[in-house]
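Nothing in this text is a laboratory measurement; each read-out follows from the coordinates by a stated rule. Remember, predicted model here, so these are calculated numbers, not experimental data. Note that each Cβ is placed from the backbone with ideal geometry, even for glycine, and that neighbours are counted across all protein chains shown.
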Amino acid sequence: MPNIINSLFEILPGEGQQPFDILLPLALIIIVAKLLALVCKKIGIPVVVGYLLSGIVLGLIILIPGQTIFTSFTMEGINDLGKIGVVLIMFSAGIGTDLKKIKATGLSSIITTSLGVIVPLGFGCGLAFACFGYSNEQDIWRNVFYGILLTATSISITVSVLKELGKLDSKVGACIESAAILDDIIGIILLSVALSLSVSNETTSNLPFGITTNNAGLDIFLLIVFMIGFFILCIAIWWPVRKLFSWLNEKWPMHRRIPIFGFGLAFLLAYIAEKVFGVADITGAFMAGLMLSGLKSQDYLDHKLESETGIIFAPVFFGSIGLMLFTNDLNFSPELLLFGFLFILLGLLGKFIGAGLGGIISKFKFRQSLIIGVGMMARAEVIIVSAQKGITAGIITTEIMPFIILLIVISSLITPILLKLLYKNYNEPLDDGFERKE
């Protein structure tokens, strides 16, 4: 028995690793992630927190001298699976986007979203400039990117609380949902702009096909042209794609052909976005999901997507984020620690102040505006995906990830508590002119 245990943690001299070696870390991530996700679901916080914690728990194995479970070889495979998970997560986010919600709430959701993006964006950028300063264009994009990270919102926990309280179909509930939908769309666009316009060094361009002009102004102009071209392509194929999937659903209702073609569309558009137009692949996946949103097959497609993603790709992606804390040499200077904790604080306050102020301007009552502000504070998968893209592109450093994980955990814990306190002994007016579901 000791020999068997030792074989798990030690590599014999001259012995390399084989493809099957990735199976053990995958098994550990999936099992531990599921167990912790069940615990999180039980206490009323998003399962994504459980997935993140699984990576942190399993990361302790990396501290064992000579261990062969999480090595550079196996982590490369895990990270590759995680990249597929990112595409599927954003595809699912697009499918779950209900554009009719925005129409139902009108101007109030637009105002709430705008301030809910502008205020945290300003807080994040201002904090980064104050802490790090800037000496070149790369530093400017780094500081801007930190602000973009704080624009992300996760609506899942807020929706579950409002549903539990019977307030989801109120005007406040619809405003929060709509604002979060717009928030995702704006956040993805800002992310794509930042990734496209930033450069990893002074001699490298992010233009598609390796195009170089040796002119920064022309580079930026061409990147914007390529980005606009991508969205024109999405608009051009929007109607044919929806017609195709409607036909598939009529001919083979609830058949696995529908999610198969859906996955194919997501991967294809993600590839075209990055390779042809220089736009982030997750933007392509999100747009693919948006094209299929609202179709009759949406619920079936979303169910299949959630099942496939939830079994392996999502746990592996979020688990790999937790493992990142142990597989990278993190160097926390006093300046970075100060930035990190202020980043968390301003991340919470930015959404609360921005979205809450949007509620007041939209003529919601003061208590309702507080509810809107609190409801927009929660963070989860989108900020993680965005941060990971920034780290991969070399815009920001890995050291920010522990603070982002803390922001997710803290916001996930305090959002439901504050929402229930705000709704305690409060009867929201029903004469708000909003049409509720029967």
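A compact table of results
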| item | result |
| --- | --- |
| Nearest 10 degrees, 0 to 90: helix 156-165 Cα axis against the chain principal axis | 50 degrees |
| Ranked by how many other beta carbons lie within 10 Å on average, peptides 393-405, 125-137 from highest | 393-405, 125-137 |
| The chain: calculated mean residue ellipticity at 222 nm from DSSP helix runs of at least 4, using -39500 (n - 2.57) | -24000 deg cm²/dmol |
| Degrees, to the nearest 10: 137-149 long Cα axis against longest axis of the chain | 60 degrees |
| Overall Cα dimensions of segment 319-376 - principal axes, largest extent first, Å | 49, 28, 13 |
| Ordering of 315-324, 63-72, 258-267, 302-311 by burial proxy (mean other Cβ atoms within 10 Å per residue, highest first) | 315-324, 258-267, 302-311, 63-72 |
| Surface/4 of the Cα convex hull for segment 234-388, nm² | 13.4 nm² |
| Too-long pairs where the Cα-Cα distance tops 32 Å, listed order kept, from 101/351; 304/365; 100/251 | 304/365 |
| C-alpha long axis of helix 171-197 to longest principal axis of the chain, angle in ° | 50 degrees |
| Protection proxy ranking, peptides 37-49, 345-357, average beta carbon neighbours within 10 Å, highest first | 345-357, 37-49 |
| Rh by Kirkwood over Cα pairs, then Stokes-Einstein D for the chain at 1.306 mPa s and 10 °C, µm²/s | 69 µm²/s |
| Sites residue 308 and residue 417 - FRET efficiency at Förster radius 30 Å, r taken between beta-carbons, to 0.05 | 0.35 |
| The chain, relative contact order [Cα under 8 Å, separation at least 6], % | 28 percent |
| Rg(Cα)/(2.2 N^0.38 Å) for segment 306-438, N = residue count | 1.31 |
